[in-house]
Amino acid sequence: MNFLQAIFLGLVQALTEYLPVSSSAHIRIIGDLMLGSDPGAAFTAIIQIGTELAVILYFRHDIIRILGAWFGSLFGKEGKDFKSRMGAHNRDTQMGWFIIIGTLPILIAGLLFKDAIESTLRNLWITVTVLIIFGILLWVVDAHAKQVKTMDEMTWKDALIFGIGQMLALIPGVSRSGGTITFGRAMGYTREAAVRVSFLMAIPAVFGAGILEAVSAVKDVAAGNAGMFPGWGATIAATIVAFVVGYVVIIGFLKFVSTFSYKAFAIYRIALAVVVALLLICGVLHPTEVVAAA
C-alpha cells in the first residue's frame, strides 16, 4: 500500500463509518479491488480511531454531561438509595446506563463468536445478502414507522433493542449505524434521535475495540507482521483524513436525516450488493478472503 492508497482508504472510512451502508463492507471490497488483499489489521484499526475521535469531538458536550451525571449519581449526588444512584432523578445518568446496556450485546457476541466473525462471516456472499436484507428493512421500516419518540423517552428495553441492532453489525454488510437506526425507527424513534443514539452507543464499543486492536497491531508492525501496512507517515495522514472528513460527514448526515428519509441509503445498499455479486460471479472479487473489520 502506498501513501495515496492509504489516504484514499482513510477517506473511504470517513465517508462510510457513520452512514447506514457498512464501512466494513466498503473497506473489504475496495481493499480487495485496489490492493488485491486485506489492507491490514494495523492500518484499519488505527484509521478507525480517527473516525471515532470525530464522534467524540462532535458530541463532546453530551459526553461530558452524561459522564458527569453518571458518576455523580453513582457516588450519591442525587441520593444515597439504589434508585437514585441508578439515575431515577437524572435523565443523563439514565442515558449513561442505557449506553452501557446497549454495548453489552456486541461485547458478549464479539467474545463468544470471535472466530466466526473473523472468518466465516467475512464471506462476501454473506455481505451481499445482508446488504440487500438490511437495505430493504431500512427502506420499509423508515417509510412506515412513526416518528414520535425522542431520546428523552428511551427505556431500558429500548436500549437493549438498540444494542441488538448494533450487535448485528459484527456481520460485515449490516452496518453498525444501519442496524441501530433500523431498530430505532422500528420502535418509533425520530430519524435524528435514532442517529444520535447510534453515534453515542457506538463510542464505547468501537473506540474501545479500536484501541485494543491498534495496540495489538502496533506490536505486529514492530515484529514485521503487519501485512500491507504503509508506514507510520501514511497511516497517520490517513487517520487525520478520516478524522477531519468524518467530522464533516457527521454534520451533514444529521442535517440530511432531519429533512430526508433513508430511502437513498437503502437503494445504494441494494445497488452495491448487485455490483459486488456481479464482481464475485466474474471472479474479480474473492468471497472468502479474510479482512479486518472497519
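May I ask you to list pairs of residues, at least six apart or on different chains, whose Cβ atoms are under 8 Å apart, with the first in the range 103-124 being within 30 Å of L278 (Cβ to Cβ) and the second being polar (S, T, N, Q) and outside any helix (DSSP H, G or I)?
Listed pairs, sorted by first residue: R122/T288; N123/T288; L124/T288.
Examine the range 125-141 for a residue that is open to solvent by 20 Å² or more (accessible area, probe 1.4 Å) and either touching a Phe, Trp or Tyr at 6+ places or on another chain (Cβ under 9 Å) or small (G, A, S) (or both), and state whether such a residue exists.
yes
How do the pairs read when you match residues in the range 78-89 that are acidic (D, E) with residues anywhere that are at pLDDT 85 or above and open to solvent by 80 Å² or more (accessible area, probe 1.4 Å), using Cβ under 8 Å and keeping only pairs 6 or more apart or on different chains?
none
List pairs: first in the range 137-154 and among the acidic types (D, E), second open to solvent by less than 90 Å² (accessible area, probe 1.4 Å), Cβ under 6 Å, 6+ apart or cross-chain?
Correct list of pairs: D142/R185; D142/S261; D142/Y262.
Mind checking whether some residue in the range 79-90 is over 29 Å from F243 (Cα atoms), open to solvent by 30 Å² or more (accessible area, probe 1.4 Å) and either of a type in the set (V, I, T) or at pLDDT 95 or above (or both)?
no
Return the only residue of L74, L67 being of a type in the set (A, V, I, L, M, F, W, C), in contact with a helix residue (DSSP H, G or I) (Cβ under 9 Å, 6 or more places away or on another chain), open to solvent by 50 Å² or more (accessible area, probe 1.4 Å) and more than 30 Å from V248 (Cβ to Cβ).
None of the other options fit; the residue is L74.
Filter the range 30-44 down to the residues that are crowded, with 24+ Cβ neighbours inside 10 Å and either hydrophobic (A, V, I, L, M, F, W, C) or part of a helix (DSSP H, G or I) (or both) and list them by number.
Of everything in the range 30-44, those that are crowded, with 24+ Cβ neighbours inside 10 Å and either hydrophobic (A, V, I, L, M, F, W, C) or part of a helix (DSSP H, G or I) (or both) turn out to be G31, A42, F43, T44.
Considering only the range 189-205, I want to know if a residue exists there that is farther than 22 Å from L53 by Cα, touching a residue at least 40 places away in the same chain (Cβ under 8 Å) and buried (at least 23 other Cβ atoms within 10 Å of the Cβ).
yes
The values are calculated or read from the model by the stated rules, or taken from the named source; none is laboratory data. Please read these numbers as outputs of a predicted model, since none were measured by experiment. Reconstructed Cβ throughout: ideal geometry from the backbone, glycine too, with neighbour counts over all protein chains shown. For accessibility, only protein heavy atoms count, side chains too; no ligands or nucleic acids. Shrake-Rupley method; radii C 1.70, N 1.55, O 1.52, S 1.80 Å.
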